[in-house]
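Each remark here refers to the structure printed beneath this line.
The values are calculated or read from the model by the stated rules, or taken from the named source; none is laboratory data. Since the structure is predicted, the reported quantities are computational estimates derived from the model, not experimental observations. Backbone-built Cβ (ideal geometry, glycine too); neighbour counts: all protein chains shown. When the accessible area is computed, the model is the full protein with side chains, heavy atoms only, and any ligands, DNA or RNA have been set aside. Shrake-Rupley method; radii C 1.70, N 1.55, O 1.52, S 1.80 Å.
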Amino acid sequence: MTIKYDNNGLVPAIIQDARTKQVLMLGYMNEEAYKKTIETKQVTFFSRSKQRLWTKGEESGNFLNLVDIKNDCDNDTLLIQVNPIGPTCHKGTDTCWQTENKPTYGFFSTLEEVIAERISNKDTKKSYVASLFEKGINKIAQKVGEEAVETVIEAMDDNDELFLYESADLLFHYLMLLQAKGFTLKDIEEELKGRHK
């Protein structure tokens, strides 16, 4: 791999969780740190403050186990995917931006949060979600069944707009059913990953 080091012999290394895709931290590597990372499979940086090689976790035990290294289009920034052991930040947080290292599923994660918030607020007059949850899990499960049937019916027709509409209804109600059972998309992801060969 061709790496363009700066005038100080360093290259920025963005550290990303290979599973959640969350950015965990930014460090710097010199050529020796890069080679040691490849050799040991544990991310090693050049510490600018200590002026020496520093393997993340050498004191805390919170190692960054190497999964993959990619170079950017200009060969002057590394993206290093890792499996972190424990929190990454020296302040004890998952990331150096004080964010939780959990998987996100784009807008679906936003929907999960909205559903959870509306369940906890229990405003049944203003919230469809709250009113459906008040009726109980049987009603939620029934709605998933109804939406599934409507999706199947539209799948056999030629109206793509209606098919997408019913598919969105099905997925929305399914997200509610997952929460009613105490699960999230993360649990479904783990189940599917367990089946993947």
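General observations
- The trypsin sites (Lys or Arg not before Pro) of region 36-138 meeting both criteria, a DSSP state outside H, G, I, E and B (loop) and at most 10 other C-beta atoms within 10 angstrom of the site's C-beta, are Lys50, Lys91, Lys125, Lys126.
- Remark: region 124-197 carries 70 Å² of accessible area per residue (probe radius 1.4 Å; ligands, DNA and RNA excluded).
- One decimal place: the segment Leu164-Phe107 gains 18.9 nm when fully extended, by the rule 0.36 nm per residue minus the C-alpha distance.
- In plain terms, the chain from Lys126 to Met156 could stretch by 7.3 nm, reckoned as 0.36 nm per residue minus the Cα-Cα distance.
- Each distinct pair of alpha carbons in region 3-85 adds a 1/r term; the inverse of their mean, the Kirkwood radius, is 12.6 Å.
- Label-point gap, in nm, between Lys21 and Cys89 - each point 7 angstrom along Cα→Cβ: 2.2 nm
- Among the listed pairs Lys102/Lys197; Lys102/Lys186; Lys70/Lys193, those beyond 18 Å (Cα-Cα): Lys102/Lys197; Lys70/Lys193
- Carbon/sulfur fraction of accessible area - region 122-182, other protein chains in place, 1.4 Å, %: 56 percent
- From phi via Karplus (6.51, -1.76, 1.60), per-residue ³J(HN,Hα) for region 100-114 in Hz, x at Gly/Pro: 6, 8, 10, x, 10, 10, x, 5, 5, 5, 4, 4, 4, 5, 4
- Kirkwood radius for the chain, taken over all pairs of different Cα atoms as the inverse mean of 1/r, rounds to 20.2 Å.
- Of all accessible heavy-atom area on region 45-94, the percent that carbon and sulfur account for (1.4 Å): 48 percent
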